[in-house]
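Below is one structure, written out as structure tokens; the observations come after it.
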Amino acid sequence: MRDLSAYSVDHGIEIASPNMLGASVKRVEDPRLIGGHGRYVTDVERPGMLHATFVRSPEAHALIRAVDTTAARELPGVVAVFTGEDLREATSAIRADAGYPTWQTSARPILAVDRVRFVGEPMAMVVAVDRYVAEDAASLVMLDLESLPPIMTVDQGLAPDVEPFHDGWETGCYVTRSKESGDVDGLFAQADHTLKLRMTTQRYAAVPMEGRAVVAELDPHDEVLTIWDSTQVPHLARTGISQHLGHPEHRVRIIAPDVGGGFGLKCMVFPEEIAIPFAARALRRPVKWVEDRVENLTASAHARDARDDLEIAFNDDGELLALKAHVVIDSGAYSVWPYTASMELGTAVNQMPGPYRFRAYRGEGAAVATNKTPHGPFRGVSRVAATFALERVVDEVARFLDMDPIELRKRNLIRSDEFPWESPGGYVFDSGSYIESLEKLAEMSDVAELRRRQRDLREQGRYIGIGVSCFNEQTAHSFAEYAERGTPVVVGYDKAHVRMDADGKVTVFVDTHAQGQGHETSYAQLVAAQLSIPFEDVRVSFGDTETAPAGMGTFASRSMAMGGGSIQLATRDLKAKLVRLAAHMLEASPEDVELREGMFFPAGAPARSVSVREIARMVHLQSNKLPPGEDPLLETSYSYRGDPGTGTFPNCAQLVVVDVDPDTGKVTLLDYFVVEDCGPVINPMLVEGQIHGGVAQGIGGALFEHSLYDEESGQPLATTFLDYLMPGATDVPDIRLEHLYTPSPWTPGGVKGAAEAGTTGSPAAIANAVADALRGFGDVLVDELPLTPERVYAHILAARAAQATPATPDPR
Amino acid sequence: MREIEITVNGERRREAVEDRRLLLDFIREDLCLTGTHAGCEHGACGACTVLLDGQAVRSCLMFAAQADGSELTTIEGVGSYPDRLHPVQEGFWEEHGLQCGYCTPGMIMASIDLLAENPSPSDEEIRERLAGNICRCTGYVNIVRAVHHAAAAGREDQS
Ligand code: FES
Ligand code: FES
């Protein structure tokens with residue numbers, strides 16, 4: 001066990017206005033957004049701006065014989081047509097390499113050269129006076145391709161004689177992983193029972209309502225390339241674009257204005273984000289590209305796509321002893337920058353033992369290359385599939401032992417007095433309320449009453465199912481995770497700069513971005529709480545690399561702990577200076593100065609006081625009055641690294657009630673309960689919004705969403721919202737939510753990440769509920785998502801024909 | 001190109017449009033009213049919803065030329081901060097009915113249309129009517145509450 005006590009530090013943050021925390025302050029973002037005055041990249045107009053569109057590969061795998069742009073160039077209004085050859089010299093191919101010894105590299109040209117590897121891969125870029133002309137011209141670009149057989153399944157990719165997918169490859173995998181802890185074989189030999197099951201989570205995608213969008217403009221005055229980019233990570237985008245474009249970072253400025261949803265999709269750097277600035281630089285005119293929905297569904301990134309073989313050893317009394325996991329990820333055609341194609345696999349292998357007290361664990365697996373859209377991050381990276389797999393298996397164990405699934409979980413969950421807990425997957429869990437959450441869930445949902453209702457309705461011919469999931473998850477992880485993976489960027493810190501002006505009002509500059517999370521509101525609450533100034537006196541600024549300090553940006557539920565952590569610590573330091581100056585003005589010693597409602601006063605003598613505003617005024621406008629040793633500056637910066645770097649672990653439990661239609665297989669959600677513990681909550685309204693939206697995305701993944709391919713031709717089949725089914729208002733039930741507030745011992749204010757729990761646990765809970773409902777028909781193993789009416793109905797038929805494979809553990 | 005006459009948020013205008021110009025592009029690019037958003041451009045998401053002669057329509061499924069002679073209301077014409085917010089806009093703000101805000105203008109227009117027809121809708125009626133407007137952020141829970149909030153405000157106005 002590592003000594004972690006050093007990280008449980010007191011950050012010295014004193015809250016002067018506690019009513020600012022835990023308060024559902026209305027969002028300051030909303031007035032502009034509800035009035036139609038949001039500013040998204042799509043809305044950016046520049047004088048003389050041109051419009052780009054991409055010609056994309058129609059084939060999953062082919063050699064490029066020729067790209068003939070003659071006819072396209074001749075169309076009136078077309079300014080330029082670029083091919084892979086044109087960009088080859090001026091840009092570098094994207095290589096996102098992980099540091100694992102088994103790693104095999106992939107090079108992705110900005111526009112394809114020699115070969116295309118998925119349908120949708122950009123091959124040429126047309127730039128014209130407007131989008132209509134650009135698209136007309138794109139249809140005139142002639143592609144001469146020599147088709148190659150595509151790799152469309154992980155089994156094809158894992159075959160020993162597979163053709164090299166990328167140059168120099170010896171196997172069909174980007175990377176393989178394995179780790180082991182404890183006496184796995186011994187415990188498996190000892191256990192009363194073992195059970196081995198395969199669980200499959202489909203390929204689906206983040207699908208923000210605003211797709212990707214880029215506008216780039218070169219300023220001839222100083223050669224600064226300004227890039228309006230719909231991104232979650234302005235500074236990472238600046239680094240990535242600068243590197244691949246060969247344009248120095250201090251002459252690249254990223255502006256990420258309002259961003260219409262991200263969910264992980266927009267924390268990568270894509271070829272289009274490099275191609276558009278390339279065109280703007282080459283043509284010396286502003287160029288705009290806005291992704292359309294077909295491109296978004298086929299050519300940005302997909303996610304999940306995990307096949308998990310789990311084997312679990314357990315005893316008659318319900319004790320879970322050890323776990324083996326073999327994870328295979330379909331990683332698609334290229335490794336994404338900067339997370340690499342090791343991301344889903346690496347974290348799945350670490351995550352798999354979940355919140356349970358397994359004594360031993362062996363995790364291994366492979367990330368396989370296929371001729372599909374590259375695999376990238378999406379809310380709940382690896383945990384969504386891993387939680388589905390593990391929680392399904394745990395439910396099947398309960399069923400085999402004829403135990404209540406909640407009771408089985410409770411006896412195996414890590415207890416709240418056992419933290420920090422070093423998981424056999426390699427994580428260090430900081431704190432949590434795993435058992436308490438489950439108990440609260442059972443209580444709020446009145447599960448006993450639900451079971452009674454279920455029995456009654458079964459008699460009336462209804463098939464009701466009750467499903468539970470519980471889990472913890474890594475959030476706000478910084479350097480440890482990425483250093484282990486050896487990614488091109490070790491995601492490590494976030495930075496804030498806090499400035500008080502002469503009128504005592506504060507502007508916070510921070511690197512993290514927001515795509516709906518409401519940071520302009522919640523971050524301001526953090527500052528107002530410490531400085532005891534009105535909420536309205538704090539403005540939060542981010543999204544422009546010219547003014548925001550550099551940091552990693554927003555993903556992996558890191559903003560409140562990491563960005564918010566840096567804000568809290570910078571504010572703490574600003575306040576320390578205010579206290580010193582107040583002490584000077586009050587002729588008291590700093591230790592004796594108290595702050596309340598924006599006024600400093602000597603302890604016990606509130607009659608003598610000085611306001612925050614008076615101090616600010618003195619510093620900025622009457623610096624002659626400053627005491628010796630104090631400079632005329634009210635600005636502080638803090639770069640928070642999140643030690644020990646392994647992240648903070650919120651936990652959550654969900655219970656869902658479903659109704660399965662025996663005639664159609666349609667699953668309807670009747671009731672949804674969530675207990676979430678993400679530590680102290682700054683703005684409950686915002687956290688609840690995150691849970692609601694997260695659950696909805698999990699419902700989509702559990703029931704409909706699927707980035708399906710035709711395995712023969714390699715063609716994507718879900719290319720519009722008519723075949724990629726997004727959950728709508730009638731698919732998501734009302735969600736009842738309760739909180740627990742276990743602080744992290746490590747982060748400022750004890751804050752944990754909140755954004756992903758809704759998504760992480762919902763496919764598992766829904767699958768368990770559907771499995772529970774299907775028991776009414778006979779032996780059925782729910783082992784694959786999404787649970788479309790077709791699939792569920794097939795289960796019903798199979799059960800009725802008594803042909804389903806029962807999950808039968810080896811009797812010992 | 002053809003000339004159309006159209007009343008935009010109460011203002012009469014004459015505009016020249018190309019035959020194939022989508023109403024959505026006309027609104028965003030020619031009228032510079034960028035509050036109306038494109039979410040799919042194939043009629044499936046509702047982000048582009050506007051009111052044409054008081055009826056909610058998807059502006060990505062129409063040509064601008066088809067709006068000739070009509071009265072168009074976009075989100076910009078509905079109300080604005082600080083003192084002219086529409087009750088539906090108030091409802092979305094009060095109940096946290098939006099996150100990234102991208103679907104929001106379309107959602108608000110569809111909700112206005114709903115409340116015009118049915119001033120006191122049930123949960124189910126709200127969900128049914130908004131089922132064609134996709135929101136990826138909110139999970140709809142607070143959108144339903146926002147519409148109820150607006151409906152209650154409307155009832156208060158009546159009494
Ligand atoms: S943009 Fe018109 S319905 Fe989606
Ligand atoms: S608020 Fe983001 S899509 Fe609805």
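Values in this text are rule-based calculations from the coordinates and carry no lab data. Here the structure is a predicted model, which means the values were calculated and not measured. We place every Cβ from the backbone using ideal geometry, glycine too, and count neighbours over all the protein chains shown.
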Those lysines that a straight Cα-Cα span of less than 30 Å connects to A:K575, excepting residues fewer than 8 apart in one chain | A:K26, A:K495, A:K505, A:K625, A:K752
Calculate the radius of gyration of the Cα atoms of segment A:176-303 to one decimal place, then report Dmax, the largest Cα-Cα distance, as a whole number, both in Å.
-> 21.8, 76
Any idea what the dipole of segment A:224-307 comes to, in debye rounded to 20, about its Cα centre with Lys/Arg Cβ at +1 and Asp/Glu Cβ at -1?
-> 240 debye
Dividing the Cα convex hull volume of segment A:655-768 by residue count, how many Å³ per residue is that?
-> 149 Å³
Does segment A:107-259 classify as rounded, prolate or oblate by the C-alpha gyration tensor (a ≥ b ≥ c root eigenvalues; a/c under 1.5 gives rounded; else a/b over b/c gives prolate, otherwise oblate)?
-> prolate
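Using R₀ = 45 Å, calculate the FRET efficiency as 1/(1 + (r/R₀)^6) where r is the Cβ-Cβ separation of A:S541 and B:D157; round to 0.05. Show your work: numbers first, answer last.
Values: r = 38 Å, r/R0 = 0.84.
Using R0 = 45 Å, I get an efficiency of 0.75.
Please give the net charge around A:E614, taking every other residue with its beta carbon less than 12 angstrom from that of A:E614, where Lys and Arg add +1 and Asp and Glu add -1. Show your work: numbers first, answer last.
Numbers: positive: A:R613, A:R617, A:K625; negative: A:D503.
Neighbourhood net charge equals +2.
Based on alpha-carbon atoms only, what is the radius of gyration of chain B relative to the globular estimate 2.2 N^0.38 Å? Display every interim value, and only then the final one.
Numbers: Rg = 15.5 Å, N = 159, 2.2 N^0.38 = 15.1 Å.
Scaled against compact globular proteins, the figure is 1.03.
Summarise the partner chain shielding of A:37-43 as one whole number: the mean count of Cβ atoms from other chains within 10 Å of each residue's Cβ. Please list the in-between numbers first.
Working: counts 8, 10, 1, 5, 0, 5, 5.
Averaged over the peptide's residues, the number is 5.
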Calc'd 3J(HN,Hα), segment A:724-738, phi into Karplus 6.51 cos²θ - 1.76 cosθ + 1.60 (θ = phi - 60°), Hz, glycine/Pro = x, comes to 9, 8, 8, x, x, 4, 7, 8, 10, x, 4, 10, 9, 9, 10
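When each pair of different Cα atoms in the protein assembly as shown is counted once in the 1/r mean, what is the Kirkwood radius in angstroms, to one decimal? It would help to have the intermediate numbers written out before the result.
Values: mean 1/r = 0.0342 Å⁻¹.
When all Cα pairs of the protein assembly as shown are included, the Kirkwood radius is 29.2 Å.
Taking the Cα centre of chain B as origin, work out the dipole magnitude from +1 charges on Lys and Arg Cβ and -1 charges on Asp and Glu Cβ, in debye rounded to 20. Please report the intermediate quantities before stating the final value.
Values: 14 positive and 26 negative charges, 62 e Å.
The dipole magnitude comes to about 300 debye.
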So which GluC sites (Glu not before Pro) in segment A:34-119 are both in a DSSP loop and have at most 14 other Cβ atoms within 10 Å of their Cβ?
-> A:E45, A:E89
With Rg and the Kirkwood Rh both taken from Cα atoms, where does Rg over Rh land for segment A:268-307?
-> 1.14
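How many Cβ atoms of partner chains, on average, are near each residue of A:510-521 if near means within 10 Å of its Cβ?
What the average comes to for A:510-521 is 2.
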Compute the convex hull volume of the Cα atoms of segment A:306-402, divide it by the residue count, and report the result per residue in Å³ as a whole number.
-> 90 Å³
Cα centroid of segment A:359-388 to Cα centroid of segment A:480-548, whole Å | 31 Å
Toy charge model, Lys and Arg Cβ at +1, Asp and Glu Cβ at -1: segment B:2-77 dipole around Cα centroid in debye, rounded to 20, equals 120 debye
Two-decimal log10 I(q)/I(0) for segment B:2-77, as the Debye equation yields it once each C-alpha is a single scatterer, q = 0.20, 0.24 Å⁻¹ = -0.75, -1.12
Rounded to two decimals, what is Rg over Rh for segment A:542-618 when you use alpha-carbon atoms and the Kirkwood radius?
-> 1.15
How big is the Kirkwood radius of segment B:87-158, worked out from every pair of different alpha carbons and given in Å to one decimal?
-> 11.7 Å
For segment A:297-404, build the charge dipole from Cβ charges (+1 Lys, Arg; -1 Asp, Glu) around the Cα centre, then report which of A:F388, A:M343, A:A325 sits farthest towards its positive end.
-> A:M343
List every residue whose amide H lies under 5 Å from the amide H of A:A360, counting only residues 5 or more places away in sequence or on a different chain, with H placed 1.01 Å from N in the peptide plane.
-> A:L323
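If you average over every viewing direction, what projected area does the convex hull of the Cα atoms of segment A:194-253 give, in nm²?
If I average the Cα hull's projected area over directions, I get 7.2 nm².
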Work from the charge dipole of chain A (Cβ charges, +1 for Lys and Arg, -1 for Asp and Glu, about the Cα centre) and give the residue of A:A583, A:V658, A:T759 farthest towards its positive end.
-> A:A583
Here the net charge surrounding A:T668, from other residues whose Cβ is less than 12 Å away from its Cβ (Lys, Arg +1; Asp, Glu -1), is -2
Residue-by-residue Karplus 3J(HN,Hα) for segment A:531-546, coefficients 6.51, -1.76, 1.60, Hz, glycine and proline x = 8, 6, 10, x, 3, 5, 7, 10, 10, 10, 10, 7, x, 10, 5, 6
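Largest first and in whole Å, give the semi-axes of segment A:597-657's equivalent ellipsoid, each being the square root of 5 times a Cα gyration tensor eigenvalue.
Values: eigenvalues 355, 87, 27 Å².
Working through the eigenvalues yields semi-axes of 42, 21, 12 Å.
Per DSSP H run of n ≥ 4, the term is -39500 (n - 2.57); total these for chain A, divide by its residue number, and report the mean residue ellipticity at 222 nm rounded to 500 deg cm²/dmol.
So the calculated ellipticity at 222 nm is -8500 deg cm²/dmol.
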The exposure ranking of A:E210, A:E738, fewest beta-carbon neighbours within 10 Å first, is A:E738, A:E210
Per-residue mean of C-beta atoms belonging to partner chains within 10 Å, peptide B:75-82 = 4
Find, among the trypsin sites (Lys or Arg not before Pro) in segment A:257-349, those assigned to loop by DSSP (not H, G, I, E, B) with at most 14 other beta-carbon atoms within 10 angstrom.
-> A:R284
So what are the ³J(HN,Hα) numbers for segment B:97-102, from phi and the Karplus equation (6.51, -1.76, 1.60; θ = phi - 60°), rounded to whole Hz, Gly and Pro as x?
-> x, 8, 10, 6, x, 6
Taking K and R as +1 and D and E as -1, what net charge do the other residues with C-beta under 15 Å from the C-beta of A:G157 add up to?
-> -4
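From largest to smallest, what semi-axes in whole angstrom does segment A:74-174 give when each is the square root of 5 times an eigenvalue of its alpha carbon gyration tensor?
Numbers: eigenvalues 221, 53, 21 Å².
Calculated on Cα positions only, the semi-axes equal 33, 16, 10 Å.
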